[in-house]
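Worksheet for the structure shown next.
What follows is calculated from the coordinates using simple rules that are stated; it is not laboratory data. Bear in mind that the values here come from a model prediction, so they are computed numbers and not experimental data. Please note: Cβ atoms are built from the backbone with ideal geometry, for glycine as well, and neighbour counts cover all protein chains shown.
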Amino acid sequence: MSKLQLAVAARDKEYVRRLADYIRGSSFAERWQVTAFTSANSCKQYMKQGFGIDVIAAEKELAAELRDHAGSKPVVILVDRLSDSVEDRELLQYQSLPLFMGALEEMVRNSSHMELQAIGRQGHRNQAEGLGGAGVVAVHSAAGGVGKTTIALHLASAAGVIGLRACYLNMERWDTSNVWLASGGKEGKPHEGLSDLLYRVKSGSSSNGGQIAKYCQYSPLLKCDYVPGFCNPEDRITLSGEDALTLVDAIAFSGRYDLVVLDLDDGWAEPQLSLLERSGIVYEVVKDDRSVIGKQQQAMRYARQMQGERYGEVLNRSQLVFNGSRMEADGRDWRTMFGVRETPVWLPEVPEWRDSGSHRPLTSSAYLAAACKLLKQSLKEGENVRAAG
């Protein structure tokens, strides 16, 4: 898919540097190639030399100088405050960068001056071919405290390492991932998360990649996107299985991602079970701890009794993942004990994490390397990561 060439003209060097760095490091890089200018003359010279530009986003004074050279190219004016003008395409310059790019895509998509066929093309093709949009991977366990969030964060980051556009989605009742992912309050507002996205999608007002982009934020830590959690705990506590699927499908079918990584609550309540059914790969996480193993066995046995065929389908796509060290050559038959096969990749114990009360994810190259190996192994084995739905 060819990229659209975006020219950004603004006198603030730090602003254009920050915007260019964000685009290049986010999933928008799949669709946009950005070139930054701090003067109108440098942008005009660039066009005179024959370099292609599809869209120009420029501060008002610079935009006025560039209009005569833009031809039929859309010119978006970067402003501090929107006016009542219906002729100019105005875009707030200083706002959340994911919101900025989402609004820019939507603005250009609706432009009468060009067909923005590149945006969303991949997503539409996936739907037409029946591939179910982006692949969905779920990280789950019957017991708490086994490191699900740590694993999910590393898998999302690993997806980027192996060349996939990924989105991390925390669907836990009590989401603490913002401790690592929050941008210090500089980008986004509290309502720009799963609570608002669910409302928008159910009301039919968010249905394409440009609109979904408003709710996605780029994490410098993960080097991929994520959607902030539910700002209203009641929205998550009362979440139905259908609503959970609505959220995931909105993101998976947006055309923005190759992979959605789900961080799920322990247990098999309806939201978790619906998302496990939706996932192409399910990683059941355990630790080599007698109490954890006992809880996992009892819970999985109960799930078989209560959910029957539904749970059986989930087991077919499940893999047992051990987080941390284990007893070697212990002779235990994990497939018999849990009813799912064991992945050949074990996630290593990180001593510095064990010795501290809290740890910052992605500080261990060995752990990230193991996560990359785990994900690549699953994909190589032909797991239907785009299954279900």
Starting with the highest mean, order 247-260, 52-65 by the number of other Cβ atoms within 10 Å, averaged over the residues of each peptide. 247-260, 52-65
Apply the Kirkwood formula to the range 7-60: the hydrodynamic radius equals the inverse of the mean of 1/r over all pairs of different alpha-carbon atoms; give it in Å with one decimal. 11.5 Å
Paramagnetic reach from Lys3 (point 7 Å along Cα→Cβ, amide N under 17 Å) across the range 143-164: 160-161, 163-164
One checks the Cα atoms of the range 4-119 and finds Rg and Dmax, in Å, of 13.0, 36
With r as the distance between the Cβ atoms of Phe51 and Asp12 and R0 = 25 Å, compute the FRET efficiency 1/(1 + (r/R0)^6) and round to 0.05. 0.65
Quick calc, Glu30 & Lys380: beta-carbon distance into FRET formula, R0 22 Å, rounding 0.05, result 0.45
Using a Förster distance of 25 angstrom, determine the FRET efficiency expected from the C-beta separation of Glu313 and Thr238, and round it to 0.05. 0.45
Between Lys202 and Gln305, the two model label points (7 Å from Cα along the beta-carbon direction) sit apart by a distance in nm of 3.4 nm
